[in-house]
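Since the structure comes first, as structure tokens, the remarks are kept for the end.
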Amino acid sequence: IALFALRSYLRSHASLERTFEMIVLQILVPKESAEKEWGGGTEIQKIQEAIARTEAFFITIGGLKAQRGLKAWFTGRGDHFAFEMVAVGGQIKFFVAVPRGSQAYFEEQLHAQEPNAYIEEARDYNIFQPSGVILARTLALKRPGYFPVKSYKKLEVDPLNALVNAMNKVTETDGAALQYIVRSARKEWRRGGVRIARRMQQGMSLDKASAGGFWKAITGGFAAASGGKKKSGEPDKPYQLSPMEQEVVKGLEEKAAKFGIDVNVRIVVSGADRTRAQTSLDSITQAFFQYNVPQYGNMFVA
């Protein structure tokens, strides 16, 4: 007990210190440069190409070595980045908070994908007013993280539009911030997904492949002993995966093949009254529903 109490104390102090070691950067892309890069092809193709460059950028973060060891266990990890989309003063702005020692690395990787991006050090923004109502919410995945949500490759619209529309509704005197805290994930994150995909390929339904485990084996043994065993000479009836379940296997394998990123999604809004603040909070939250795959994938829950 004393060891974990010491760990909690050290983590809280280390977290506070790391907060003041972060540098806030504002990201801008000149309008004329963005329009020039908007090359040929259909609108959805251009959107997917633009998002693919961003995906390549986040792959570099996922490829970083996750901090381990006794120090990380006691004081927590300090290798995270904060990406923030903010509605403040009637404008939508993009900020990134990075550890000061990682600033050069971050700028190098971003410019590799977005050469025309303009990065400048900024003072931290303030969406709050002296009086008013502040509401906050975190978003999490309903299923384990190895189950994928719907990616931009399967969306027929620009997924940023829903967020921009929600942010645009925030009045000039109110404020809202959407924050992604990200860090590279340890490689163990994909084990469950690989195991489920393998079991489904061997003839299990998604429900049975997801159940598994020690107690499943024990209860299965009791069932066999009490007559659950198939009759002698009875042929096996292999389970046929439905087209949707085949997509599940493909999605699990595709996600497991990528670098993993731990993500916290946070929404904070400030409004003149509770009704306005709640409306902004719900609008931003609903923008994430477009990624939900309720039955055979993953979905965001507040």
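Rounded, prolate or oblate: which fits the range 260-302, taking a ≥ b ≥ c as square roots of the Cα gyration tensor eigenvalues, rounded meaning a/c under 1.5, else prolate when a/b beats b/c? Let's see the in-between values first.
Values: a/c = 4.17, a/b = 1.90, b/c = 2.19.
Note, shape of the range 260-302 comes out oblate.
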Query - Over 31 Å between alpha carbons, listed pairs Lys46/Lys93; Lys154/Lys187; Lys187/Lys208; Lys93/Lys187; Lys65/Lys169 - result: Lys93/Lys187; Lys65/Lys169
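Based on the alpha-carbon gyration tensor of the range 70-125, what equivalent-ellipsoid semi-axes (square roots of 5 times the eigenvalues) come out, in whole Å, largest first?
Numbers: eigenvalues 126, 59, 15 Å².
They are 25, 17, 9 Å, listed from largest to smallest.
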Query raised in the report: the range 260-302 to the range 50-76: how many Å between their Cα centroids?
Result: 23 Å
Report summary line: Residue-ordered couplings for the range 181-197, obtained by feeding phi - 60° into the Karplus form 6.51 cos²θ - 1.76 cosθ + 1.60 and rounding to whole Hz (Gly and Pro as x), are 9, 10, 7, 5, 8, 6, 5, 5, 4, 8, 4, x, x, 5, 5, 5, 4
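Work out, in µm²/s and without decimals, the Stokes-Einstein translational diffusion coefficient of the range 116-220 at 20 °C, 1.002 mPa s, Rh from Kirkwood over C-alpha pairs.
Details: Rh = 19.1 Å.
My calculation gives 112 µm²/s for D.
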Query raised in the report: Where does helix 243-256 land angle-wise versus the long Cα axis of the chain, in degrees 0 to 90, nearest 10?
Result: 60 degrees
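In whole angstrom, how long is each semi-axis of the equivalent ellipsoid of the chain, when you take the square root of 5 times every eigenvalue of its Cα gyration tensor and sort them from largest down?
Over the Cα atoms of the chain, the ellipsoid semi-axes are 40, 26, 21 Å.
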Query raised in the report: Please state the relative contact order of the chain as a whole percent: Cα pairs under 8 Å, 6+ residues apart?
Result: 28 percent
Query raised in the report: Out of Pro115, Gly78, Gly251, whose Cα points farthest toward the positive end of the dipole of the chain (charges: +1 Lys, Arg; -1 Asp, Glu; placed on Cβ)?
Result: Gly251
**Report entry** Charge-dipole axis of the chain as Lys and Arg at +1 and Asp and Glu at -1 on Cβ define it, positive-most pick from Ser210, Ala302, His13
**Finding:** Ser210
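Given the Cα-Cα distance of Thr138 and Ala257 and 0.36 nm per residue of separation, how much length would full extension add, in nm? Working shown, then result.
Values: separation 119, 0.36 × 119 = 42.84 nm, distance 2.71 nm.
Once the chain is fully extended between Thr138 and Ala257, it gains 40.1 nm.
Per 0.36 nm of contour for each residue apart, how much would the distance between Lys150 and Glu17 grow if the chain were fully extended, relative to their Cα-Cα spacing?
Details: separation 133, 0.36 × 133 = 47.88 nm, distance 3.69 nm.
Separation in residues times 0.36 nm, less the Cα-Cα distance, equals 44.2 nm.
Could you tell me the calculated FRET efficiency between Leu3 and Ala117, based on Cβ-Cβ distance and R0 = 41 angstrom, to the nearest 0.05? Don't jump to the answer; show the numbers that get you there.
On the way: r = 45 Å, r/R0 = 1.10.
That pair, Leu3 with Ala117, gives E of 0.35.
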Report task. Enter the angle in degrees (range 0 to 90, nearest 10) between the Cα long axis of helix 103-113 and the first principal axis of the Cα atoms of the chain, meaning the one along which they spread out most. Result -> 80 degrees
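Treating only the Cβ atoms of Lys and Arg (+1) and Asp and Glu (-1) as charged, compute the dipole magnitude of the chain about its Cα centre; round to the nearest 20 debye. Don't skip to the answer; put the middle values down first.
Working: 41 positive and 31 negative charges, 385 e Å.
With Lys and Arg at +1 and Asp and Glu at -1, about 1840 debye.
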Query raised in the report: For the range 1-117, what log10 I(q)/I(0) values come out of the Debye formula at q = 0.10, 0.21 1/Å, with one point per alpha carbon and no solvent?
Result: -0.45, -1.26
Query - Relative contact order of the range 105-207, pairs being alpha-carbon contacts under 8 Å that are 6 or more residues apart, as % - result: 30 percent
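Values quoted throughout were computed directly from the atomic coordinates according to the rules given, and no laboratory measurement underlies them. What you are looking at is a predicted structure, and each value in this text was computed from that prediction instead of being measured. Backbone-built Cβ (ideal geometry, glycine too); neighbour counts: all protein chains shown.
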